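The structure under discussion appears below in the form of structure tokens.
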Amino acid sequence: MRLAASVTHGLLYVLLIALPLMGWANASARGWTVSLFHVVPLPALAAAGSAFGHTLGDVHKLTAWVLLGLIGLHVAAALFHQFVIRDGTLSRMLPGARKMR
Ligand code: HEM
Ligand code: HEM
């Protein structure tokens, strides 16, 4: 279970960083300017019209589903710990959870 949790958490972190970067590169390839909260313009990560940015867009779309699947697995594991094993894992993240029992 420790290994499964480490792998899932690790992949969640990796995808949470990589996915937005790939989306950003894809937006750049489409010739769009990406900005932070519509205030700070960010540099292009790929040349406009580049095949590299286009491919990253395809990977972006695919990995978004992988992230969604991992989130589903992660939430299911949290519920399994809470209601089946009842080992208090959830209360490590939600301090008020223990009082709900
Ligand atoms: C965790 C964060 C993100 C998730 C889960 C996500 C998810 C997705 C998904 C599922 C699609 C496919 C939509 C479709 O069916 O065509 C998509 C498309 C796209 N995303 Fe993201 N995205 C994220 C972050 C970003 C960021 C930060 C950018 C840009 C800075 C970005 C740029 C794009 C672009 C340009 C497309 C193509 C839009 C289009 O087809 O018209 N994404 N994203
Ligand atoms: C209903 C929603 C969620 C619940 C109940 C939940 C619950 C938990 C719990 C209990 C832990 C601690 C596990 C431990 O102590 O070993 C945890 C860790 C973590 N969660 Fe969630 N989570 C939820 C949603 C999410 C989402 C949407 C993401 C990211 C997309 C996420 C990312 C993470 C990560 C990366 C860790 C590891 C933190 C660390 O480095 O220790 N969680 N989550």
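The values are calculated or read from the model by the stated rules, or taken from the named source; none is laboratory data. None of the values given here were measured: they were computed from a predicted structure. Every residue, glycine as well, gets a Cβ built from its backbone with ideal geometry; the counts of neighbours run over all protein chains shown.
Does residue 34 fit the bill of being over 17 Å from the mean Cα position of the chain (by Cα) and among the hydrophobic types (A, V, I, L, M, F, W, C)?
So residue 34 fits the description; yes.
Can you tell me which residue in region 55-101 is modelled with the highest pLDDT, limited to those that are of a type in the set (Lys, Arg) and part of a helix (DSSP H, G or I)?
Residues of region 55-101 of a type in the set (Lys, Arg): 61, 86, 92, 98-99, 101.
Next, from what is left, pick out any that are part of a helix (DSSP H, G or I): 61, 92, 98-99.
Numbers: 61: 98, 92: 84, 98: 57, 99: 56.
Per the criteria, the residue is 61.
Find all pairs meeting these conditions: Cβ atoms under 7 angstrom apart; at least six residues apart or on different chains; first residue within region 48-59 and at positive phi; second residue of a type outside the set (D, E, K, R) and in a helix (DSSP H, G or I).
Between residues of region 48-59 that are at positive phi and residues that are of a type outside the set (D, E, K, R) and in a helix (DSSP H, G or I), the close pairs are 49/29.
If a residue has to be over 16 Å from residue 23 (Cα atoms), away from ligand 2 (no atom under 16 Å from the Cβ) and in contact with a Ser or Thr (Cβ under 6 Å, 6 or more places away or on another chain) to count, how many in region 33-89 make the cut?
0
Could you check residue 16 against (1) within 14 Å of ligand 1 (Cβ to nearest atom); (2) surrounded by 15 or more Cβ atoms within 10 Å (Cβ to Cβ) and say which number it fails?
Here residue 16 clears every test but (2).
Every residue in region 11-32 that is out of contact with any helix residue (DSSP H, G or I) (no Cβ under 8 Å at 6 or more places or on another chain) and not in a helix (DSSP H, G or I), please.
31, 32 - these are the residues of region 11-32 that are out of contact with any helix residue (DSSP H, G or I) (no Cβ under 8 Å at 6 or more places or on another chain) and not in a helix (DSSP H, G or I).
Scan region 7-21 and report the pairs whose first residue is in contact (Cβ under 8 Å) with a residue 24 or more places away in the chain and whose second residue is away from ligand 1 (no atom under 12 Å from the Cβ) and assigned to a helix (DSSP H, G or I), with Cβ atoms within less than 7 Å and a gap of 6+ or a chain change.
Taking only residues 6 or more apart or on different chains, the pairs are 8/73; 8/74; 12/74.
Looking at region 41-54, which of its residues are within 10 Å of ligand 1 (Cβ to nearest atom) and outside any helix (DSSP H, G or I)?
42, 45
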